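Asks: Take a look at this one; I'll ask things after.
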Amino acid sequence: MDQMFAPEYFESIFRFLPTNKDLHSCLLVNKYWATCAVPILWEAPFKINDNFTPSPKVIQTYLAFIPDETFLKLGYEERIGLSIIRPPFFDYPSFLKELPYDRFLNSAIANDCCKNVIIELFKIFAMKMMRLRRFNIYDYLFNQHFKCQDQIASSVLPCFSECTLIFNSLTYLDCSYQWPMKKGQLFNAIAQGCHSIETLKVSVWHKDEGKVLVDLIRSQKHLKKFSLINSNNFASSPVQALMNQKYSLNSLTFKDIHSNHDLNEAEFFNYTMCELNSDAIDVLAQCANINKIKFKHCEGLNSPLFLPIASTFSNLTSLEYSYGTYNIHDVTTPIKLLSGLIKKSRNTLKRVTLDWHSRDYLDITQLIKAITQPMISLKYLKIPLYTLEQLVLIHQTHNQLKKLDVRVNNRINPYCALSIFANVPFKSSEQSIKLYFDYPENFNLKANRLNHVFEPIFYKSNRISDFILCMRDKSNGI
């Protein structure tokens, strides 16, 4: 009965299962189901999310493919991993598609694998014709406490140059938040055999790495998403190499390029500011097909050097800028840059997220003028506001929004802010509003006064789906 359906049908169904535990249950139905489910289950065995934690038996299963004599040559008295009576039923290494290098090392070290055994595992991967789709070197949040990896990580990584075939089908490469180790050989190996990377995330701190990244970027045919993360001035050369990708590049991210020691707790983090040279900025300004830009925790963007990109992108659909928390303030908010980007893409922007925290009043008049111009496509807006007039302008010009998030400065009377929504009904078929009131801890909104304001809001605007009020909480920074 099962064989009446082609494996492709089962694959489509199995990929909709919410957890790997459900997928594992499919293995137990019969051999045919197992044959369809195993490749999916083993394509990302080191993935970590709410629904799945990798089993220590993953590495033990891979070790079963290393011959006994190899362990003897490496000085082991007996093989490590699972006891092997007969060869594994499935060719598990050939299914691997996503490899987080750091998590792989964590699992291997936990199974008493030395450097040479780990290298043998990668040789097995290459021999089994494994073809990775995603490869990332280091998850800085996940690995802050795994200091035992450092020496092994830096000595094993160059060995990838002998296993270049495993990268031939790579579409996603993340080499950001790096250990202090050289990756030039890895980049050269990938550049030689792989030309299909669509998403590239990089951290650049050394001149030689910047040079080999240039070759890697130029060797790709259709790079679509580029992220520059925690990098210094040596990143200018790789950014200039994006000239070769100016027609395919559609997403640009700058992240964690700052000098604030309170803003980051990562073990391997370098503190600096955005230091791209003018040639790199000119190249970005020529990537006219970019429709998404994101700046997160970046300093130096208020420099006049970045202004050319403000007048270039006319097709943005998403713009995001965020910096700091309640206790960490943004003192270099790039108002001119953000205003220019919004003004240039006013006809295409669908989502604008502006989320910074400033200690003092910030003059955002120029930004408000840009946002309150006609923007027919805008559906989501998040912004901090400092005066009641700014809130009035935003609401009057953009009452077609489906979602509005506003951080209300303590200069604004909360009841006056709420009354605005009572006096001007919404045009959107479904509206969600969230107001963050930045008031002292001892400030309390009076229930009777809130009821007096909310009654006309919901009477005149029966299309509101959510109306959320948030007060500041110093314990979690909201």
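Derivation of every value follows stated rules applied to the coordinates shown; laboratory data play no part. Because the structure is a prediction, the values reported are computed rather than measured. Virtual Cβ from ideal backbone geometry, glycine too; neighbours counted across all protein chains shown.
Asks: What nm distance separates the two modelled labels at D112 and N188, each placed 7 Å from Cα along Cα→Cβ?
Replies: It works out to 3.7 nm between the two label points.
Asks: Which residues' amide hydrogens lie under 5 Å from the amide hydrogen of I257, considering only partners 5 or more residues apart or on another chain, with H built in the peptide plane?
Replies: N230, C298, E299
Asks: With each label point set 7 Å from Cα along the Cα-Cβ vector, what nm distance links L74 and E11?
Replies: Computed distance between label sites L74 and E11 equals 3.2 nm.
Asks: For N413 and M273, compute 0.36 nm times the residue count separating them, minus their Cα-Cα distance, and round to one decimal in nm.
Replies: Values: separation 140, 0.36 × 140 = 50.40 nm, distance 3.67 nm.
Result for the pair: 46.7 nm of gain on full extension.
Asks: A further question follows. What GluC sites (Glu not before Pro) in segment 192-301 are in a loop by DSSP, with at most 12 other Cβ atoms within 10 Å of the Cβ?
Replies: E265
Asks: So, counting K/R as plus one and D/E as minus one, what does the shell of residues with Cβ under 9 Å around L381 add up to? Please report the intermediate quantities before stating the final value.
Replies: Working: positive: R351, K379, K382, K403; negative: D405.
With Lys, Arg at +1 and Asp, Glu at -1, the neighbours total +3.
Asks: Can you list the trypsin sites (Lys or Arg not before Pro) in segment 334-407 that are in a DSSP coil and have 11 or fewer other beta carbons within 10 angstrom?
Replies: Answer in residue order: R359.
Asks: Further, regarding this structure: Using a simple spin-label model with points 7 Å from Cα along the Cα→Cβ vector, what separation in nm is obtained for I152 and T317?
Replies: Once both label points are built, they end up 4.3 nm from each other.
Asks: Between I328 and T372, how high is the FRET efficiency from 1/(1 + (r/R0)^6) when r is the Cβ-Cβ distance and R₀ = 25 Å? Nearest 0.05.
Replies: According to the calculation, E is roughly 0.30.
Asks: So, one more: My understanding is that a pair violates if its Cα-Cα distance is over 31 Å; which of K211/K246; K97/K182; K128/K294; K221/K292; K47/K336 do that in this structure?
Replies: In this structure, K128/K294; K47/K336 exceed 31 Å between Cα atoms.
Asks: Here is a further query. Could you put S358, S311 in order, starting from the residue whose Cβ has the fewest other Cβ atoms within 10 Å?
Replies: Least crowded to most crowded, the residues run S311, S358.
Asks: Using a 10 Å cut-off around each Cβ, can you sort E120, E389 from fewest to most neighbouring Cβ atoms?
Replies: E389, E120
Asks: Pull up the cross-link candidates among the lysines for K31, meaning alpha carbon to alpha carbon under 19 Å and not fewer than 8 places away within one chain.
Replies: Partners found: K21.
Asks: Which of D102, D360 comes first, and how do the rest follow, when ranked by fewest Cβ neighbours within 10 Å?
Replies: Placing the least packed residue first, the sequence is D360, D102.
Asks: Which net charge results when you count Lys and Arg as +1 and Asp and Glu as -1 among the other residues whose beta-carbon is under 13 Å from that of T164?
Replies: Numbers: positive: K123, R131; negative: E162.
Once all neighbours under 13 Å are counted, the net charge is +1.
Asks: Could you tell me the calculated FRET efficiency between E162 and S303, based on Cβ-Cβ distance and R0 = 45 angstrom, to the nearest 0.05?
Replies: 0.55
Asks: State to the nearest 20 debye the size of the charge dipole of segment 53-394 about its Cα centre, where the only charges are +1 on K and R beta carbons and -1 on D and E beta carbons.
Replies: 1340 debye
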